[in-house]
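**Q** One structure, pasted below without further comment.
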Amino acid sequence: MNSTENRNSIPQYAKQGWRYALERAESIEEAWFRCQALVGVARYVPEREQRLMVLQRAFAVGAMCDCPNRVVSVSSWPIKALYSYGFSQEADEAVRVLLNVIAQEASPVRRADALDLLLGAVLEADRSIFWMVYESFFDACTRQLESGKRNAKGQGLLSSWAGLVWKFDAARGNELVAALAGPTHKAYALQDIEIAKGKSLETFMAEISRPPFL
């Protein structure tokens, strides 16, 4: 069974007990999939402190990935779980660590990719944490490439957050739209804002599913 199959089989392993599922998760060689599998195990751990230990282990495993982009991307899974299970203080501290990690990534495209996932993971955090991650994300998305070309990938990612950012803070939402150079991205962002206007904040937040929660 490969790493992906092992990760996806955590619910089946958990039928034999969460400790058995934990053992199977820890047997996964690749840090990326082991981290995600550990997050999956946490769902089946009944005791709060033991659940926290499993999630902290997942965070530590995520840090074993081979570059800042992958470390932050996969660590978004345990971050989201920490907030979902009420470990806000631990999650806040971990987010600050990850922002320092991703700052070491030279490519704005790779920074934006990872921060897109991290931003999705902090939706349940205090709003100040969301804005802290968003500021790094906004910078990565709007920064030019080393070649001097526009960061089209980053601008596309940024436009996908227009509705929620506007819902949280209309001024920031308008600033986001103004920062988009491409007409297609700008049109998408404006459309997203119009959609957001017709939905409650709770409904709109529930529709944002990155990273997935195992």
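The values are calculated or read from the model by the stated rules, or taken from the named source; none is laboratory data. For clarity, every value in this text was computed on a predicted model and none was experimentally measured. Methodologically, a virtual Cβ is constructed for each residue, glycine included, from the backbone with ideal geometry; neighbour enumeration extends over all protein chains shown. When the accessible area is computed, the model is the full protein with side chains, heavy atoms only, and any ligands, DNA or RNA have been set aside. Shrake-Rupley method; radii C 1.70, N 1.55, O 1.52, S 1.80 Å.
**Q** Which pairs do you get when a residue that is farther than 15 Å from LEU176 by Cα, found in the stretch 131-154, comes within reach of a residue that is part of a loop (DSSP other than H, G, I, E, B) and open to solvent by 60 Å² or more (accessible area, probe 1.4 Å), reach meaning Cβ atoms under 6 angstrom, with the pair 6+ apart or on two chains?
**A** Close Cβ pairs (under 6 Å, with a partner that is part of a loop (DSSP other than H, G, I, E, B) and open to solvent by 60 Å² or more (accessible area, probe 1.4 Å)) amount to ARG150/ALA181.
**Q** Continuing with this model, one more query. What helices (runs of 4 or more DSSP H) lie completely within the stretch 1-111 and have 3 or more residues being in contact with a strand residue (DSSP E or B) (Cβ under 6 Å, 6 or more places away or on another chain), within 26 Å of ILE208 (Cβ to Cβ) and hydrophobic (A, V, I, L, M, F, W, C)?
**A** It comes to none.
**Q** TRP161: closer than 24 Å to LYS199 by Cα, modelled with pLDDT of 95 or more and open to solvent by 30 Å² or more (accessible area, probe 1.4 Å), yes or no?
**A** No; evaluated as a whole, the condition is false for this residue.
**Q** Which members of the stretch 123-168 meet the condition of being in contact with an Asp or Glu (Cβ under 9 Å, 6 or more places away or on another chain) and outside any helix (DSSP H, G or I)?
**A** Within the stretch 123-168, ALA125, ASP126, SER160, TRP161 meet the criteria.
**Q** Restricting attention to the stretch 27-45, report how many residues are in contact (Cβ under 8 Å) with a residue 24 or more places away in the chain and open to solvent by 70 Å² or more (accessible area, probe 1.4 Å).
**A** 4
**Q** Which of the residues belonging to the stretch 171-211 are touching a residue at least 60 places away in the same chain (Cβ under 8 Å) and open to solvent by 60 Å² or more (accessible area, probe 1.4 Å)?
**A** SER209, ARG210
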